[in-house]
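The values are calculated or read from the model by the stated rules, or taken from the named source; none is laboratory data. Here the structure is a predicted model, which is why all the values come from computation and not from measurement. Cβ placement follows ideal geometry from the backbone for every residue including glycine, while neighbour counts extend to all protein chains displayed. Side chains are part of the model used for accessible areas, which takes the heavy atoms of the whole protein and leaves out ligands, DNA and RNA. Shrake-Rupley method; radii C 1.70, N 1.55, O 1.52, S 1.80 Å.
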Amino acid sequence: MSTRANEGSALRAVVRAPAEVPWTQRVYWLLLREVWENRSIYIAPLAAAAVVLFGFLLSLITLPHRMRAVSFDTAKQRALLEQPYQVAAGMIMVTAFVVGVFYSLEALHSERRDRSILFWKSLPVSDLETVLAKASIPILILPLIAFLFLIATQWIMLLLNSAVLLASGEPLATLWSLPLFQRALMWLYHIVTVHGLWYAPFYGWLLLVSAWARRMTFLWAFLPPLAIGVAEKIAFNTSYFGAFMADWFMGGPAGGDPLMSAASMDLPSQLTPGRFLTSPGLWIGFALAAVFLTLAVRLRRYQGPT
């Protein structure tokens, strides 16, 4: 009840004078509504960061011993120190992706299930604005929140790492020479290009299923692609569709995801936004996302509670 009261007060200005409220402000309040209603957007990455830090604290107990064991090899020391930061980033980003999937499946379905769609449709906010605000959560808001948690977690890890090495008499030169800043740029690039732009048609499809399915949204979202792959294998003994989907999820053939390339110390050279933004696959994905979201808008406009 308190959450619903907060949402109502937040949108009271829109109800009082809808003609005077600009579009950007209406979308802003809609985004706030999504964050208020779906606390997993920030709680799940926070929980993942907490788990990472707990595991990292345990690993620090044996860190001095492991550092002395490879003291003769600087490359092994660098790999030993850098691995936890890579694990932390991967875990937080995977958590954000999973949250984005389940959020998208529930975004338009839950408001029909609990009949709150009747309340939201009574407000002077269009179905297009509502769907676009919901699509912005997994495409824009959630990845950026995850990135902020990622950076904060890695800085805490760096400080703890430095304290343990100082206390054990180990030098800090190897730790502070790690390319953490360049890695952060790479993760930000990965978030924007892959989790945001490249996965836009995927989230659009999930929102379409959320707007259409009366129940079992997860099955309706993933069963059709699985059925297509199985039918192709049975009929032609090929796996082109499965290979295409796997390649697309890994960032596509356009080289948009530097995480899929070989590790290199020259990390900035792996960031190729021009090549990514001009790839046909990206714009085909945008077109598919636009089709899915348009259909989701129409379904929300004419469908009522389940």
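Structural remarks
- Remark: the residue 233-residue 69 segment gains 54.0 nm on full extension, using 0.36 nm per residue and subtracting the alpha carbon distance.
- Label point distance in nm, residue 215-residue 126, each placed 7 Å from Cα along Cα→Cβ: 3.5 nm
- Helix 200-212 vs. the chain, principal-axis angle (Cα, 0 to 90°, nearest 10): 40 degrees
- Computed from point charges on the beta carbon alone (+1 for Lys and Arg, -1 for Asp and Glu), the dipole magnitude for the chain about its Cα centre is near 780 Debye.
- FRET efficiency for the pair residue 159 and residue 28, taken as 1/(1 + (r/R0)^6) with r the Cβ-Cβ distance and R0 = 41 Å, rounds to 0.75.
- Order of exposure, largest accessible area first, which applies to 190, 65 with probe 1.4 Å: 65, 190
- Candidate lysines for bridging to residue 121, where Cα separation is under 18 Å - those fewer than 8 sequence places away on the same chain excluded: 134
- Nearest 10 degrees, 0 to 90: helix 40-60 Cα axis against the chain principal axis: 10 degrees
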